[in-house]
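Here the structure is laid out as structure tokens; the discussion comes afterwards.
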Amino acid sequence: MATLMVDSDVYSYLQKNNPAHASPYRPHLQGHTIALSFITVGEQYAGCLRKIMRNEWPRSRLQGLEALLLSVVIVPYDIEICKVFGELRTLKNQDGSDRTIDTNDLWIAACAKRYSLTLVTNNRRHFENIPGLNIICEAPRTRATKKRN
């Protein structure tokens with residue numbers, strides 16, 4: 001049984017039980033241990049608390065989130081993840097320009113890369129072409145994605 005890092009988007013799909021979005025990823029995850037970056041956990045808390053503050057969800061949803069998080073491995077930060085993050089922050093595009101990647105996505109990639117975990121994401125564009133990072137993505141390739149490869 002392998003451990004797979006799950007990006008925030010795919011984890012949200014799975015928790016919302018949204019068959020249209022979650023079903024392409026379930027076969028990849030079945031029988032494997034799910035790991036979440038500390039960043040993904042923070043994003044899950046932020047999303048939950050935002051809905052509670054807007055009175056869209058009852059406060060009890062917070063306990064539900066915490067119960068769900070007991071079933072996954074949470075990857076905390078450490079000095080090695082910080083080093084990998086620093087390396088990823090310096091990535092360049094093929095033309096030599098700075099590559100722009102959202103900070104949270106860089107932290108998630110650094111966690112996956114640090115532990116040599118395959119990252120399951122629906123955001124191909126955010127993570128493809130990061131050296132040493134393997135991804136599973138069921139999102140269709142866009143025209144811009146095809147050009148870069």
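Data overview
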quantity: Residue-averaged 222 nm ellipticity for the chain, from DSSP H runs of 4+ at -39500 (n - 2.57), nearest 500; calculated: -14000 deg cm²/dmol
quantity: Sum of side-chain charges, Asn123 neighbourhood, beta-carbon under 12 Å (Lys, Arg +1; Asp, Glu -1); calculated: -4
quantity: Cα centroid separation - the range 67-117 against the range 18-57, whole Å; calculated: 18 Å
quantity: Positive-end residue of Ala35, Ala22, Leu69, charge dipole of the range 10-87 with Cβ unit charges; calculated: Ala22
quantity: The chain, relative contact order in percent, only Cα pairs under 8 angstrom and at least six apart counted; calculated: 27 percent
quantity: Residue among Ala112, Tyr45, Ser97 farthest towards the positive dipole end of the chain, charges placed on Cβ; calculated: Ser97
quantity: At R0 = 22 Å, FRET efficiency that the Cβ-Cβ distance of Asp78 and Asn134 yields, to 0.05; calculated: 0.60
quantity: Candidate aspartates and glutamates for bridging to Lys51, where Cα separation is under 18 Å - those fewer than 8 sequence places away on the same chain excluded; calculated: Asp9, Glu43, Glu66
quantity: Where trypsin sites (Lys or Arg not before Pro) in DSSP loops with at most 16 other Cβ within 10 Å are excluded, longest remaining stretch of the chain; calculated: 1-53
quantity: Calculated diffusion of the range 3-148, Stokes-Einstein form, Kirkwood radius summed over Cα pairs, 10 °C and 1.306 mPa s, µm²/s; calculated: 98 µm²/s
quantity: Given charges at beta-carbon only (K, R positive; D, E negative), |dipole| of the chain in Debye; calculated: 460 debye
quantity: Cβ-defined net charge surrounding Leu91, 9 Å radius [Lys, Arg +1; Asp, Glu -1]; calculated: +1
quantity: Proximal charge balance of Ala35 [Cβ under 13 Å; K/R count +1, D/E count -1]; calculated: +1
quantity: Crossing angle, helix 79-89 versus the chain [Cα axis fit, 0-90 degrees, rounded to tens]; calculated: 60 degrees
quantity: Relative contact order of the range 89-139, defined on C-alpha pairs under 8 angstrom at six or more residues apart (%); calculated: 28 percent
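Bear in mind these aren't lab numbers, they're just calculated from the coordinates by the rules spelled out. This is a predicted model, so every value here is computed, not measured. Counting neighbours? That spans all protein chains shown, and the Cβs are built from the backbone with ideal geometry, glycine included.
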